[in-house]
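The structure under discussion appears below in the form of structure tokens.
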Amino acid sequence: MKSTRYAVVCLMVWLVAVCASAGAQTREMKSQPAVSGEQHDMQSAVPGAEHSSLAKLAGDYTTATRFFMQPNATAAESAGTAKLSMTLDGRFLVEDDAGMFMGQSIKGFKMLGYNNSSKRYEGVWTYTMATGIMTLNGTSTDGGKSLNFVASFDGEGGKKETLQIVMKQTDDDHFVVELSGKLPDGKPGPRLVTTYSRTK
């Protein structure tokens, strides 16, 4: 009988010890700081390698543009200038450009960035021949040397229009931006190709 009571007492002591240990571990885990949503947002806001790649494009450029109204058509050519710079502590690449298009003087504004949260490149474009804004959303498969965008804007009557845009860096001092659209029947439509050459 005594041995039985002794065994029960030992078992109770062991259970109390186990519960106390588990409680201490639980309190310790609760006291350890977890990565909060706010901390994650702060980490996503820090510029990374993609932003450094965009920053390499900063500088002053001359531009040479060719506009093809139709495939195989003779290109209308024009020249201009562009100034690219990083803003908001290295988060976005801003472009202010000026030139001629179809005999008219134009100015343009572009801003590109990389969204750490969505893992995609994003941008906005507009110029003095419009009052709307075109938005860009794209990706890169070669570390940022070439960017492939789908661009969209609201056309006549609010109809959503889309363009394909490819931005490709050929070397440290040159890159090319190509815009292309499709006709209503799905065939290739107008194409605009601009070559940027860094001024020394």
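The values are calculated or read from the model by the stated rules, or taken from the named source; none is laboratory data. What you are looking at is a predicted structure, and each value in this text was computed from that prediction instead of being measured. Counting neighbours? That spans all protein chains shown, and the Cβs are built from the backbone with ideal geometry, glycine included.
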Exactly one of L93, L88 is over 19 Å from S197 (Cα atoms) and aliphatic (A, V, I, L, M), and that one is L88
In this structure, is G99 closer than 17 Å to A151 by Cβ, assigned by TED's automatic domain parsing to the domain that holds G155 and buried (at least 16 other Cβ atoms within 10 Å of the Cβ)?
no
Among the residues of the range 182-197, are any closer than 24 Å to G48 by Cα and in contact (Cβ under 8 Å) with a residue 40 or more places away in the chain?
no
Which ones in the range 54-67 are over 10 Å from L93 (Cα atoms) and either among the aliphatic types (A, V, I, L, M) or in a helix (DSSP H, G or I) (or both)?
A64
Output the strands (runs of 3 or more DSSP E) that fall wholly within the range 98-200 and possess 2 or more residues being of a type in the set (F, W, Y), or say none.
104-115, 120-127, 146-154
Hits in the range 50-102 - residues which are within 17 Å of T128 (Cβ to Cβ), more than 20 Å from the chain's Cα centre (by Cα) and of a type in the set (V, I, T)
T63, T65, T81
How many residues, within the range 123-155, are of a type in the set (V, I, T) and within 16 Å of G181 (Cβ to Cβ)?
2
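Conditions (1) outside the structural domain of G108 (by TED's automatic domain parsing); (2) closer than 26 Å to A98 by Cβ; (3) surrounded by 13 or more Cβ atoms within 10 Å (Cβ to Cβ), marked per residue:
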site	(1), (2), (3)
Y127	no, yes, yes
S140	no, no, yes
G143	no, no, no
L147	no, yes, yes
S152	no, yes, yes
G158	no, no, no
K168	no, yes, yes
L183	no, no, no
L192	no, yes, yes
Number of the exception - F67 against (1) surrounded by fewer than 16 Cβ atoms within 10 Å (Cβ to Cβ); (2) within 30 Å of D185 (Cβ to Cβ):
(1)
